[in-house]
Each structure stands twice: as C-alpha cells, then as structure tokens.
Amino acid sequence: MNITTSISPPLQVSQWLNSPKPVSLAGLQGRVVVLHSFQMLCPGCVSHGLPQALRIHRLFPQDKVSVIGLHTVFEHHDVMGPQPLRVFLDEYRIPFPVGIDQADPASPVPLTMRAYGLRGTPSVVIFDPQGRVRLSHFGQIDDLQLGAVIGQLMAETSLDATVDAAASAIGGNSPSACSDGACSLQA
C-alpha cells in the first residue's frame, strides 16, 4: 500500500459509461473519491475489486464519497471494447460511473494507468476532498483497511469544516483580526 499526498493528474478517459456527462476529479472536489481500476477479464477484479467498489458505493453517503470505475485494458484489447463493457456493467449491476482508460497508440499501457503508476488490476486509488492522492494500492485490500482510510478522510473533512466554521464565527478568518504578532478575537 502506498500512501501519498501528491497532486493528481487528470483522468484520461476515451468514454464514460453510467454517466450522462464526463466525470472529472475537479468536479468531485469536496468528496473522497475512490477510483477502482479493473479489467472485465481479470479474475481478482470480478471476485474482489468490483464487489468491494459496489459495497463502498452502497455504504457511504454519495454526497461524501464518490466511486468511479476505470476500465484499464493492458491485455486482450480486441475483446474488451465499449460494447462488451456495457454488457458486463449491466450483468454485474455496476451503477457508478466507469471511464474507459485512454489507449496509448505507442504502448499497451493506457494513459491514466501510466500517469498514476498503476502496476495492474485490480488497483484502488483514493483521493482526498482536495483531489490529492492519499492511497494507491495494487491487488486486493481488506475492506476494513480501506474503510478506515475513507473514514479518516471523511473525518478530516468534517474537522476542517468545523474549525473553519468556528474560526469564522469568532472572526478568526477575518484579515483585520490578525496583526504581525498575534490574532485576536473580534467582539
């Protein structure tokens, strides 16, 4: 498991399924975002990764946590196009948005997979509400471990909002409340 706080490159997606419009990380700021990278012919994705993504989608409030699928094809390109993927998503009842990772004409490794340094599928990448990568993991990850990371990021967001509201209520965010040496309460 790799835990970082790096700025996230944009998703490079050729097509979105299960979404009326393209999805962007910038458009989801303010939420924890869980990106599950998968291939429909990957046994670990079908048995573990996608069921885990479904559980996250169902259990966490969707206004706080967004799940995105990323179909990252780096093998068997001829049989894993958009039409078979649509059927797969319908059969497995995947309701969340799924992007098709943009193919790289010069390499079998798609562009988003390369940009995020993903080593294969299934992979999970978690972004904090500011859009920074906070966890990147290849292979299976325990539900409790993943839930703890998501819960921690949700708690950080709640704490930040509480501190901001309290500071605002006492004038702590007002530039006039601070001088070079100290910040004082405004009456």
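The values are calculated or read from the model by the stated rules, or taken from the named source; none is laboratory data. Keep in mind it's a predicted model, so treat the numbers as computed, not measured. Neighbour counts are summed over all protein chains in view; Cβ atoms, including those assigned to glycine, are modelled from backbone coordinates with ideal geometry.
So here's what we get for this one:
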{"read-out": "Residue match in the range 84-98 (condition: free of Cβ contacts under 8 Å to residues at least 24 places away in the same chain, over 20 Å from the mean Cα position of the chain (by Cα) and surrounded by 13 or more Cβ atoms within 10 Å (Cβ to Cβ))", "value": "no"}
{"read-out": "Hits in the range 120-138 - residues which are crowded, with 23+ Cβ neighbours inside 10 Å and part of a loop (DSSP other than H, G, I, E, B)", "value": "Thr121, Pro122"}
{"read-out": "Residue list for the range 99-114, restricted to those being touching a Leu at 6+ places or on another chain (Cβ under 6 Å) and crowded, with 21+ Cβ neighbours inside 10 Å", "value": "Gly99, Asp101, Thr112"}
{"read-out": "Out of Gly117, Gly81, Gly69, sole residue that is crowded, with 18+ Cβ neighbours inside 10 Å, among the small types (Gly, Ala, Ser) and modelled with pLDDT of 75 or more", "value": "Gly69"}
{"read-out": "The range 14-52, subset among the small types (Gly, Ala, Ser) and out of contact with any Pro (no Cβ under 9 Å at 6 or more places or on another chain), residue farthest from Ala148 (Cα to Cα)", "value": "Gly27"}
{"read-out": "Pairs where the first residue, in the range 115-138, is on the phi < 0 side of the Ramachandran plot and of a type in the set (Lys, Arg) and the second is part of a helix (DSSP H, G or I) and surrounded by fewer than 16 Cβ atoms within 10 Å (Cβ to Cβ), C-beta under 9 Å, 6+ apart", "value": "Arg134/Gln152"}
